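Taking it in order: structure first as structure tokens, then the write-up.
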Amino acid sequence: MPSMWTLDETHLPNSTQDQVAARLTERGPCEEPQPLALFSTCQSSGRGSHGRSWELAPDSLALTCAWPLTDGLTQMALTEQTPWPVHFTGVALAAIEGELGALGRLQIKWPNDLWLDRQKVGGLLVERRRLVGRWWWLIGVGLNGRWAGRCPPHLSATGLFDSLGSGLSGHSARDLARPIASEILRWLADLSGRTAEQRDLFLRQSMAFCLQRDGLKGHEVEVCLADGRRVSGRADGLADNGAFCLSTVKGTLRFQMGEARILQSSQSVNGEMA
């Protein structure tokens, strides 16, 4: 299990996900690979899910944490049965609140967005990549701190500090790079150091926190699936395994993958970033 990691800042405009992958490739293979975290406050070419781009506020954070998968965790990480984006979104939420105080207003919008008062302030992009002979997790976090003036009208989004008010006027998004990276890598170290049975309990405890912060529960929503299908119903929360539960006229459906939006909203909320 890795015991050390580094946090670096980059001033290049391209995706921190791709920059981290390039750095790991440059390092070459090693017996004890170390995690790496890379952040930017000036990224202009970030990637989101489904081939979308990511729009960042003038005060923003783009962060990617790279974690080498051990043999015992690789098979678990490669399966789609565990909702990793939900878990990591919960970890990022906890890190933000740990740094700024118990806000209580931050929520998870399944599967990978951070919401504040039903507006997006951040999102995650979780990737697995085969680099220099081993599998790595790349966990990207995008966070909007403040917009210069109003947020562009085509985005259903806000800035974290814009919404939280003047009490956090001395903070900027870059201040959250180390707390978020530390919490994500601590969580991964904790997961990696457990037995298979212990990991199951650990993930159930992690999901219990995510269940408490589910922002879609009780709302009429539309779930968009990868094959283009759209299914509408009432969000019934997350199952213990992280599946999204949707109550429809045909009964309760569960989805491991997809994207959901509240039907009353005139615009859908975009997905992930890195």
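Coordinate-derived values only; no laboratory data. Worth saying up front: this structure is predicted, and the values here are computed from it rather than measured. Quick reminder, even Gly has a Cβ in these numbers, built from the backbone with ideal geometry, and neighbours come from all protein chains shown.
What relative contact order, as a whole-number percentage, does the range 220-262 give when Cα pairs under 8 Å and 6 or more residues apart are counted? Write down the numbers at each step before the final one.
Values: 75 pairs, mean separation 17.1, N = 43.
Taking the mean separation of contacting Cα pairs over the length of the range 220-262, I get 40 percent.
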Top of 212, 75, 34 by mean-square fluctuation, Gaussian network on the chain, Cα under 10 Å = 75
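Highest mean first, what order results for 184-193, 217-226, 60-69 on Cβ atoms within 10 Å? Provide the component values of the computation, followed by the final result.
Details: 184-193: 18.5, 217-226: 15.5, 60-69: 26.6.
Most protected by this proxy first, the peptides run 60-69, 184-193, 217-226.
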Once phi is turned into ³J(HN,Hα) by the Karplus curve 6.51 cos²θ - 1.76 cosθ + 1.60 with θ = phi - 60°, what whole-Hz value does each residue of the range 226-235 show in order, with x for glycine and proline?
-> 4, 7, x, 5, 10, 10, 10, x, 9, 5
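Going by average Cβ neighbours within 10 Å, how do the peptides 254-262, 227-235 rank, with the highest at the top? Don't skip to the end; give the middle numbers.
Details: 254-262: 17.6, 227-235: 12.8.
Those peptides, ordered most packed to least, come out 254-262, 227-235.
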Gaussian network model of the chain, springs between alpha carbon atoms under 10 Å - residue of 120, 109, 250 with greatest fluctuation | 250
How far is the Cα center of the range 91-140 from the Cα center of the range 165-234, in Å?
-> 6
Read-out percent of Cα pairs over 25 Å apart, candidates [x] 44; [y] 48; [z] 53; calculated match is [x]
Enumerate the calculated ³J(HN,Hα) couplings along the range 119-130 in order (Karplus 6.51 cos²θ - 1.76 cosθ + 1.60, θ = phi - 60°), each rounded to whole Hz, writing x wherever the residue is Gly or Pro.
-> 10, 6, 10, x, x, 10, 10, 10, 10, 10, 10, 8
When the chain is modelled as a GNM with alpha-carbon springs shorter than 10 Å, which of 24, 38, 216 fluctuates the most?
-> 24
